[in-house]
Every structure is written in structure tokens, then in C-alpha cells.
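Colleague: Encoded as C-alpha cells, here's the structure I'll be asking about.
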Amino acid sequence: MAEAVIKADLREKGKKSELKQLRKMGKIPAVFYSSHKNSVTITLDEKEMRHLFLAGTNIFDLDMGKGRKKACIVREIQVDPVTDQIVHVDLLGIKASEKVTMKIPVLLIGSAVGVKDFGGILEHQLREIEISCLPKDIPAHIEVNVSELNLGDSISVRDLKPENIEILTDSEQTIASVVHPRKAEVVEEEVIVEEEVQPEVIHGKEEPKENESTK
């Protein structure tokens, strides 16, 4: 089932300074989650993880040493926006017969007729969707062809028809649309005004998540 193998080293939960030192050594702090066992803190090789990430590999074996291998997928990957360095990874253990729920990116393909011929602006509103499927059916991304979009047209989640995949994202959400240039400018101005007058929002406590990237 696995497409590749990556070595993992067990580690103790570290302080922020220790995690920074790991990253300087080319290691990535990570956590392996399983629905059947407690989470395990590990380190991964940054070059190996980046290779898998750029290759779009969905499923791989985590080599835990002593002959122990765990099939898994990337649950979440955090990248430094300035250096583009992978700083933390959450991995989820999987079984071939059990469906998994995860978010995957939405990739727009094609050149919208409303942009080419009428000077419209293509807006990409939804950049990832949540799906449920068997591990073997997990796609690297969902492709959405926007070639037929004219001025005022849009594509919503309900228009997607992937095979062997259940889409959990609200079907009414818009993925992409082509708008008139002037309309796009007005919408942008309205957003700026709203941001200026928004009051501070105090969120309630959330269920704690075991993630050490900010330690």
C-alpha cells in the first residue's frame, strides 16, 4: 500500500530551544497519531520529508526501527512562510480497510474564457476541501477545470464528481468564479473597510492539540 519509506527517530518532548536545534541539524519535529494507540513524538529527516512533500506522495511507511513500520499519511504540515522550511509535521496512522478523513488542495486548471476574451478576473475562493475515502483512493489534489467559466460564472463544491471519494465540505461553497474587474475592486474595498471596524473577538477555549511547533 505504501508508496515510499521514511525513517523516524523516537524523541522526548522538547523545549522550544531544543526544537530549534533539531531543525538546524536538518531534523523535523513530528508527531505520529493513531486511532488505536497514543501519539508518539518523533523526528524526521528534513530532506526526505521535503522530497515526499514535493513529489505529492500520499501514503508512506514510517520506519520506527527494530522492524516496526507504520503506514501513514500527512495529517498536517507546517512550513515557515519566510524560509520555506518545514517546521513541523503531524502524521496519521492508517489501515488499508479503514476510511480516512483529510483535507486536500484544490488545483485550478485551464484558462477561463471570461478572463481570456472579456478581461474578467478569476477568483480562487476555496483552496482545499475535506474528503473521506480509503487510503488507496486518496488523491494528491482535486483538479477543477475553469476553462468554460464566463463573466459571472462560478464552480461550487456540488459540481465536483470524484470517484470513490466522499466530499465533506459544504456543497454550496464556491471554489472559483470569474468576476468583472470593477466588481472585484469594490469587493476588495468593502473587505478592507470591514477589517477596519471589526471588534476584537475572544474565542472560547478549544480542545488542546498535541503540537509542539510553537513550543
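Colleague: Out of the residues in segment 37-91 that are part of a strand (DSSP E or B) and among the polar types (S, T, N, Q), which is modelled with the lowest pLDDT?
Modeller: 78
Colleague: Quick one: in segment 163-183, of everything that is more than 18 Å from the chain's Cα centre (by Cα) and closer than 28 Å to residue 61 by Cβ, which residue is surrounded by the most Cβ atoms within 10 Å (Cβ to Cβ)?
Modeller: Here the answer is 164.
Colleague: Out of (1) within 27 Å of residue 6 (Cα to Cα); (2) surrounded by 14 or more Cβ atoms within 10 Å (Cβ to Cβ); (3) over 16 Å from the mean Cα position of the chain (by Cα), the odd one out for residue 112 is which?
Modeller: (1)
Colleague: Might you check whether a residue that is surrounded by 15 or more Cβ atoms within 10 Å (Cβ to Cβ) and in contact with a Gly (Cβ under 6 Å, 6 or more places away or on another chain) occurs anywhere in segment 129-148?
Modeller: Yes: one or more hits.
Colleague: Right, another one. Please specify each residue of segment 128-157 satisfying the condition of being touching a strand residue (DSSP E or B) at 6+ places or on another chain (Cβ under 7 Å) and of a type in the set (D, E, K, R).
Modeller: 128, 130, 143, 153
Colleague: Here's a follow-up. If I filter segment 117-127 down to residues being at pLDDT 95 or above and surrounded by 13 or more Cβ atoms within 10 Å (Cβ to Cβ), which single residue comes out as farthest from residue 70 (Cα to Cα)?
Modeller: Filtering segment 117-127 for residues that are at pLDDT 95 or above and surrounded by 13 or more Cβ atoms within 10 Å (Cβ to Cβ), the one farthest from residue 70 (Cα to Cα) comes out as 120.
Colleague: Could you grab the pairs with beta carbons closer than 8 Å, sequence gap of 6+ or different chains, first residue in segment 35-60 and within 19 Å of residue 143 (Cα to Cα), second one in a helix (DSSP H, G or I)?
Modeller: Final answer for the pair search is 58/135.
Colleague: Given (1) assigned to a loop (DSSP other than H, G, I, E, B); (2) of a type outside the set (D, E, K, R); (3) in contact (Cβ under 8 Å) with a residue 24 or more places away in the chain; (4) closer than 26 Å to residue 102 by Cβ, where does residue 176 come up short, assuming only one miss?
Modeller: Condition (1) is where residue 176 drops out.
Colleague: Okay, next question. State which residue pairs qualify: first residue under 13 Å from residue 129 (Cα atoms) and in contact (Cβ under 8 Å) with a residue 24 or more places away in the chain and inside segment 148-163, second residue assigned to a strand (DSSP E or B) and not charged (D, E, K, R) in any location, beta carbons under 7 Å apart, and separation of 6 or more residues or different chains.
Modeller: 157/129; 157/167; 157/175; 160/142; 160/167; 162/142
Colleague: Hey, another quick one. Test residue 75 against the stated conditions and say whether it is exposed (fewer than 13 other Cβ atoms within 10 Å of the Cβ), closer than 26 Å to residue 134 by Cβ and not assigned by TED's automatic domain parsing to the domain that holds residue 164.
Modeller: No, not satisfied.
Colleague: Give the residues of segment 17-67 that are among the charged types (D, E, K, R) and either more than 30 Å from residue 97 (Cβ to Cβ) or in contact with a Gly (Cβ under 7 Å, 6 or more places away or on another chain) (or both), sorted by residue number.
Modeller: Result: 18, 20, 23, 24, 27, 45, 46, 47, 50.
The values are calculated or read from the model by the stated rules, or taken from the named source; none is laboratory data. These figures come from a predicted structure and were not determined experimentally. Glycine gets a Cβ as well: all are built from the backbone with ideal geometry, and neighbour counts include every protein chain shown.
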